[in-house]
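The values are calculated or read from the model by the stated rules, or taken from the named source; none is laboratory data. As the structure is a computational prediction, the values presented were derived from the model and not from experiment. As a convention, Cβ positions derive from the backbone with ideal geometry for all residues, glycine included, and neighbour counts pool all protein chains shown. The accessibility values were calculated without ligands, DNA or RNA, using every heavy atom of the protein model including side chains. Shrake-Rupley method; radii C 1.70, N 1.55, O 1.52, S 1.80 Å.
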Amino acid sequence: MDAQQRRTEIPRAPPAGEPGGDVSSILLAFGVFAAIAALVMFPSSLVHQVPEGHVGAYWRGGALLNIITEPGFHLKLPFITNYEPVQVTLQTDQVKDIPCGTKGGVMITFEKIEVVNRLRKDFVFDTLLNYGVNYDNTWIYDKIHHEINQFCSSHSLQQVYIDIFDQIDERMKDALQADCTRYAPGIEIISVRVTKPKIPESVRRNFEQMEEERTKVLIAIEKQRVAEKEAETKKIMAISEAEKNANVSKILMQQKLTEKDSSRREADIENQMYLDRQKSLADADYYRVLREAEANKLKLTPEFLELKFIDAIARNTKMFFGDKVPNMVLDQRLLGNFLNHSTKDKDGNLEMATDT
């Protein structure tokens, strides 16, 4: 840039001997003197500073030069080249007092809308060439007015002021960025911050009353929810208590049934033991009687019967009188006759013979 700036068209002095050579030398000397005087009297017209976060843009004779300088000190032709610093870092443009009419015809005013934007360094020349240094007037200030009026005209006051107020920021950002991307791609919209609009006092009071009523309704709803939660909690606790009691009763009943079953099994075991014992006793008694019967069969001999007979007679305490008493006791024929008249049955049992 400095080399280009130094290539200033300075009229060359004609060679010596040519007509006008003296005049050209005088003009050259005057120009040099004027430049030195301007440098001494107005140093800022020659040397300028580009601040940090900006780039330098230059115009010569009203035409934008395709020269962009970085921050620092630079030189330019005084009174010929104009210079403007252009910010390329984040900047915030504040658009104030934006009137708009809602769908219902109510006039409201947005006191302030802040637009955070940035001009990309590699698009500075094209943006300044097409829209000038005040490019943000076209694509931010005027565009915000237009978009806000478009938005208000298609929505009611309730929507703009309450229902979808939280969406205005994103909608404005998207609308601005869409047009900038299409027509001025060097402008980048970072964010949009919209303040609450001013509405007529009467309408504001109505909104406040509505908000109070809505708050009361919300409080009543919350109280109802709390009551429902408390009732539900009590119901759950009651069900839990009933289930606990039912489980306890079931456990106690199962315990009783288990005890009864154990008692029944114990009684069955005792009964079985008693039956087994009685059966064993009965079998033993049967065996004893059977063995005694077999032994008695073996004892039924004439000699044993005679012995029993004599023994029975001897133990008899009755008194008999007569001349045959000694014969009855001592006569062996009486027993012999008794035995002779006795017969045996087929099974070996003795039977008494009877006279016919």
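Couple of notes before you dig in:
- Looking at region 252-303, the accessible area is 92 square angstrom per residue; that uses a 1.4 Å probe and ignores ligands, DNA and RNA.
- Across region 176-187, rounded Karplus estimates of 3J(HN,Hα) from the backbone phi angles (6.51 cos²θ - 1.76 cosθ + 1.60, θ = phi - 60°) give 5, 5, 4, 6, 5, 4, 7, 10, 9, x, x, 8 Hz, Gly and Pro being marked x.
- Here the dipole of region 88-199 is about 120 debye; that uses its Cα centre as origin and unit charges on the Cβ of Lys and Arg (positive) and Asp and Glu (negative).
- Measuring nothing but protein heavy atoms, the accessible surface of region 89-167 at 1.4 Å probe radius is 45 percent carbon and sulfur.
- Note on region 88-105 and region 196-244: Cα centroid distance 37 Å, given to the nearest whole angstrom.
- Global geometry of region 88-199, whether rounded, prolate or oblate, following the gyration tensor of its Cα atoms and the 1.5 cut on a/c: prolate
- Cα lying deepest toward the dipole's positive end in region 191-263, options SER240, THR258, SER191, charges on Cβ: SER191
- Counting heavy atoms of the protein chains alone, LEU275 has an accessible area of about 100 Å² for a 1.4 Å probe.
- Counting heavy atoms of the protein chains alone, MET237 has an accessible area of about 120 Å² for a 1.4 Å probe.
- Under a 5 Å amide H cut-off, with hydrogens placed 1.01 Å from N, LEU65 pairs with TYR58, TRP59, ARG60 among residues at least 5 apart or on other chains.
- Contact order, relative form, for region 44-87: 50 percent (alpha carbon pairs under 8 Å, 6 or more residues apart, mean separation divided by residue count).
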